[in-house]
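The values are calculated or read from the model by the stated rules, or taken from the named source; none is laboratory data. Since the structure is predicted, the reported quantities are computational estimates derived from the model, not experimental observations. Using ideal geometry, Cβ is built from the backbone for each residue, glycine included, and neighbour counts are taken over all protein chains shown.
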Amino acid sequence: MQGRNPLGYADHRPFTGFSDELVYGIKRDGGTAHISEVARGLLCDCRCPACDQVLVAKKGSKQLHHFAHHNRGIACSHVAETNAHIWAKQVLEREKRLTIPPIVAEHGGHTEIVSPAKVYVFAHARLEKRLDTIVPDVVLFTEDGTQLIVEVRVTHACEEAKLTKLRNDGLSSIEIDLRRFRTSADRTAVEEALLTSAPREWLTNAKQASFDTRLRDWLAAEAARKAKEAEDRAQRMVAVEAAKARREQEAVARSADRLIRAVRTNRRNLRRVPEQMEALLNEFYDVPWSQAPSVGFTVHPLAWQAEIVTAFLTYPNALDYQWADHISTGVALTKISHLLIPAFRDRISEQVRGKLRDEWPGHSVPDEAVGKFLDGLAGAGYLWPTRDGEFSVAQEYADRLSERERRRQASQRRCDDVKQRVAVVLARLPKAEKAEFNLENWFTTHLKSQNGEPRALCWLGDETFRKFERALKRVELLSEGGPATEELLGLPLSGEVARAQIRERDRLVRAASLRRSSLTDAARAELGEEAEAWLSSASQDDEEMTWIDQAGLDDLSYQRVRGALASASAKRQLAIRAQDEASSRRSHLREAAGKIYDRDHLEVFLHASHPRLGKSPLDHCVDQRTLQECLALLPRLRRARPRYLFGIESKS
Ligand SMILES: [Zn+2]
């Protein structure tokens, strides 16, 4: 040995530890000798480490130096392993340390590192052929005598039979895999691989069984602990579940009791149907109003249903729910929450429902009753189902409602108009006359003459309303100072009528006076000084009345009196004309007679009654005929002049 390597030693011979030719022999003193350390041929004085046969040292110039069996018939195998073990024993004897692999306990697929990989320090290394194998084992001994067998794998793995034997003998052994270095000539690298870095594993471990048992026991204990824990946990869960179930049941019972008590306290209100609902029930006569038994409401079933109908189906609410807003049981319940027993405003669980059903079989709780009612409204065409449990107001109904609202507004306008007009009429009345009157009462009072109350007539707006309105118009005229009317429509207008009658009488009196003065004027114009006599003479129509009084009666009488005046006037004109003619004829007679008689005889002739006439000529002579008759009484002598007289007559 010359020099030192970094570990303290130097050996500059090429590495031959894994050679296929035997490079180690056993010396007579039992020590090992490298081929390089011995003399050539039998002089080497060595035996085979495996088969103990005599060796010859072949140290020629052509081949690698090696040992050969002196008896060529010997078949000795595992030369490489033998070389490797002897080399390894030398290295280990020198270093007295070796990295051993971790100890891993294993049981049922579970593993546990009992001891990590570590540097094993020992007292010395020996070669021992203790297990009936050809290749001697490297055995490491510690101070306290513990043994560790080291197998160096170069070509072959450790045989199964040997492993069994090792196990049976309770020996610990590791195998170091140096196959990678089979052909290496780098002694330093190979030694380092042996001591530290080459793959290595436990072939057998004397304590492996106890490690495994310990792991098994630990695993078993752990499993048992976990099982126990799981069982405890399960029991606790069962207990918790049971307690929870009990608490839930108690909660259900409490809730149910609370609801039942609440219902009993509220029961007395349920029989009353609010009177103000009547109009709504009439308007929505085809709604399937339900009186099915229910609990949880503070009012009669019709009352909360009316509230829902009001909220969703009356004008203008219904138009809001026509498109955007959805109607559902939940929304409906919020609309009527003030009609629910407070305890019923919260959601009721299935179990509590069950208890309530036991208490009141066949009764619905609010959300059930409301849900059914909404379904009924959909069935009657008021609602339109949109999606599960939701509705909107049906289009057709919304249209109908709008039309009805339009008519209602028209009716309302008629009502307002009538009231306004009546108020104006009333405003004109003296306070005392309207003290007892109430416009609103009157509006809803049946008027016999109109066969209905004013409100109903306004609502209808038909022919009966128009008749009513005509009567109202006459009342307004009366109120404005017009004529009295008989139909007063139940209004306090008797005073107004009395005043109208007075006005009428005054008017008649004025008219009569006017007619009398007009007649008087006309009579004076027509009849002259005879007028007064004529006016106060009895009329032809009524012997009891004078003309002037008859003219005062009325226009018709006045017209008739004017007719009578006209004829009286005409008669008077005739009389005047006859008198004029008579006067003229008499002048002619006097003139004619004056030509025959002297003055005295003339007067006698004119005034003395003539036997042929039965009166005096002057009285008889009123016209042409009587003039002729009178002229005929004159003596013949004078008859020569009639032509002349006739000529005068013609001129007149
Ligand atoms: Zn041999």
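The table that follows gives values for the structure above.
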read-out	value
Verdict on Ala57 being over 19 Å from Leu203 (Cβ atoms) and outside the structural domain of Val150 (by TED's automatic domain parsing)	yes
Which listed residue is surrounded by 12 or more Cβ atoms within 10 Å (Cβ to Cβ), more than 30 Å from Ala398 (Cβ to Cβ) and at pLDDT below 90, from Ala256, Ala343, Ala292	Ala343
Hits in the stretch 34-54 (condition: more than 22 Å from Ser184 (Cβ to Cβ) and either touching a residue at least 40 places away in the same chain (Cβ under 8 Å) or more than 15 Å from the ligand (Cβ to nearest atom) (or both))	Val38, Ala39, Arg40, Gly41, Leu42, Leu43, Asp45, Ala50, Cys51
Meets criteria (more than 60 Å from the chain's Cα centre (by Cα) and in a strand (DSSP E or B)) for Ala125	yes
Residue within the stretch 363-376 that is in contact (Cβ under 8 Å) with a residue 24 or more places away in the chain, basic (Lys, Arg) and in contact with an Asp or Glu (Cβ under 7 Å, 6 or more places away or on another chain) present	no
Residues of the stretch 99-122 that turn out to be hydrophobic (A, V, I, L, M, F, W, C), out of contact with any helix residue (DSSP H, G or I) (no Cβ under 6 Å at 6 or more places or on another chain) and part of a strand (DSSP E or B), as a count	6
Residue identified as charged (D, E, K, R) and part of a loop (DSSP other than H, G, I, E, B) among Asp286, Asp358	Asp286
Tally of residues being out of contact with any Pro (no Cβ under 9 Å at 6 or more places or on another chain) and surrounded by 13 or more Cβ atoms within 10 Å (Cβ to Cβ) across the stretch 111-123	3
Gly330, sole failed condition from (1) of a type outside the set (Lys, Arg); (2) assigned to a loop (DSSP other than H, G, I, E, B); (3) surrounded by 12 or more Cβ atoms within 10 Å (Cβ to Cβ)	(2)
Number of the condition not met by Ile348 [criteria: (1) closer than 21 Å to Leu333 by Cβ; (2) in contact (Cβ under 8 Å) with a residue 12 or more places away in the chain; (3) not in a loop (DSSP other than H, G, I, E, B); (4) not small (Gly, Ala, Ser)]	(3)
Selection status of Glu151, outside any helix (DSSP H, G or I) and either at positive phi or away from the ligand (no atom under 16 Å from the Cβ) (or both)	yes
Breaking point among (1) surrounded by fewer than 17 Cβ atoms within 10 Å (Cβ to Cβ); (2) in the same structural domain as Lys207 (by TED's automatic domain parsing); (3) closer than 21 Å to Ala50 by Cβ, for Gly108	(3)
The listed residue being under 30 Å from the mean Cα position of the chain (by Cα), exposed (fewer than 15 other Cβ atoms within 10 Å of the Cβ) and modelled with pLDDT of 90 or more, out of Ser337, Ser364	Ser337
Residue list for the stretch 57-96, filter: surrounded by 19 or more Cβ atoms within 10 Å (Cβ to Cβ), among the hydrophobic types (A, V, I, L, M, F, W, C) and within 16 Å of the ligand (Cβ to nearest atom)	Ala57, Phe67, Val79, Ala80, Ala84, Ile86
Matching option when the condition is surrounded by fewer than 18 Cβ atoms within 10 Å (Cβ to Cβ), outside the structural domain of Lys118 (by TED's automatic domain parsing) and of a type outside the set (Phe, Trp, Tyr), among Asp177, Asp232, Asp186, Asp144	Asp232
Filter result (assigned to a loop (DSSP other than H, G, I, E, B), of a type outside the set (Asp, Glu) and in contact with a strand residue (DSSP E or B) (Cβ under 8 Å, 6 or more places away or on another chain)) within the stretch 526-553	Ser536, Ser537, Ser539, Met545
Pairs with Cβ under 9 Å, 6+ apart, first in the stretch 61-79 and outside the structural domain of Arg40 (by TED's automatic domain parsing), second more than 12 Å from the ligand (Cβ to nearest atom)	none
